[in-house]
Amino acid sequence: MRVELAVDARRPDRANEDFAVATPEALVLLDGSSAPDTLPSGCTHGIAWYVRRLGVHLLARLTDRTDRPAADCLADAIAETAALHGDTCDLANPATPAAMVVAARLREDTLEYLALGDSLLVLHLKDGPPRVIGDNQRFPGGEALRRQVWSTVPGTAERAALYLRYAVAVRAARNTGHGPWIAAATPHAAEHAETGTVALADLHGVAALSDGAARYTDRLGLGSWADAVRLLAEAGPAELIAQVRAAERSDAACLRWPRGKTHDDAAALYARL
């Protein structure tokens, strides 16, 4: 694989909670599950710390344990990262640091992939439209609360209160069987990842995007998925994120494109095969 990636924080004064890393054989992209600053997580480390360590552990497992399926590699990485918390953190806290995960690796003449949470993997196929994988665990209760958040004015106390309600509700449901599954402290969550393989001969390339970068298509409507993978292949991930940022700046009040935050951390990766 020939890989190009870009990661951009939503604000220069905050740690970036997205993470992307790759080798010529494997790629990993994580989107940390951000939360209101007032919501206790039981963790002394934070989300940015978590995504970097989980990402590195997962890349290592994907490259040195080719005998294990990608979901098993993710389960191993979750367990290894949980052990790093030591005795300082309450990993049973529903708000413990967590992340969406996208990963892929070469296995002989196929590409093996994995997606958990609402980050996306996009197969750039030689024939037909791109195939989008991920964001397949809808949580209707959370979606209704999220739309209530979007209906309020950014920066107001009303929005902050609704966002806290939304964050608490989602965290109470995730990884319980009553809501979405996400990488946190429970290796069992990896069993719920969407996995599969595709022949390398059928691919131009593969893209991975956090939801902040996927806004190009699914929130801002700047282009189709075919437009997105073409832009990634021809101009690179940094250009896709730049176009997302320009659109967000043109709608700072979130009126044209309702969304939880004016800007979100964004990570995009494109691998030519």
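Of the candidates TYR113, TYR50, the single residue that is touching a strand residue (DSSP E or B) at 6+ places or on another chain (Cβ under 6 Å), of a type in the set (Ser, Thr, Tyr) and either in contact (Cβ under 8 Å) with a residue 60 or more places away in the chain or outside any loop (DSSP other than H, G, I, E, B) (or both) is TYR113. Scan VAL153, VAL132, VAL102 and give me the residue that is open to solvent by 20 Å² or more (accessible area, probe 1.4 Å), within 16 Å of the chain's Cα centre (by Cα) and farther than 14 Å from ALA185 by Cβ. Unique residue meeting the criteria: VAL132. All of ALA184, ALA173, ALA161, ALA226 fail the test of being surrounded by 22 or more Cβ atoms within 10 Å (Cβ to Cβ) and not basic (Lys, Arg), apart from ALA184. Do we find a residue being over 30 Å from THR176 (Cα atoms), without any contact (Cβ under 8 Å) to a residue 40 or more places away in the chain and open to solvent by 10 Å² or more (accessible area, probe 1.4 Å) anywhere in region 202-219? Within region 202-219, one or more residues are over 30 Å from THR176 (Cα atoms), without any contact (Cβ under 8 Å) to a residue 40 or more places away in the chain and open to solvent by 10 Å² or more (accessible area, probe 1.4 Å).
Among residues of region 73-94 being in a helix (DSSP H, G or I) and not hydrophobic (A, V, I, L, M, F, W, C), the one that is least open to solvent (accessible area, probe 1.4 Å) is THR81.
Of the residues in region 129-181, how many are basic (Lys, Arg), part of a helix (DSSP H, G or I) and more than 30 Å from ALA226 (Cβ to Cβ)? Result for region 129-181: 3. The residue that is farthest from LYS261 (Cα to Cα), among those in region 32-72 that are open to solvent by 40 Å² or more (accessible area, probe 1.4 Å) and hydroxyl-bearing (Ser, Thr, Tyr), is THR66.
The values are calculated or read from the model by the stated rules, or taken from the named source; none is laboratory data. Here the structure is a predicted model, which means the values were calculated and not measured. Note: ideal-geometry Cβ built from the backbone for every residue, glycine included; neighbour counts use all protein chains shown. What goes into the accessible areas is simple: the full protein's heavy atoms, side chains included, and nothing from ligands, DNA or RNA. Shrake-Rupley method; radii C 1.70, N 1.55, O 1.52, S 1.80 Å.
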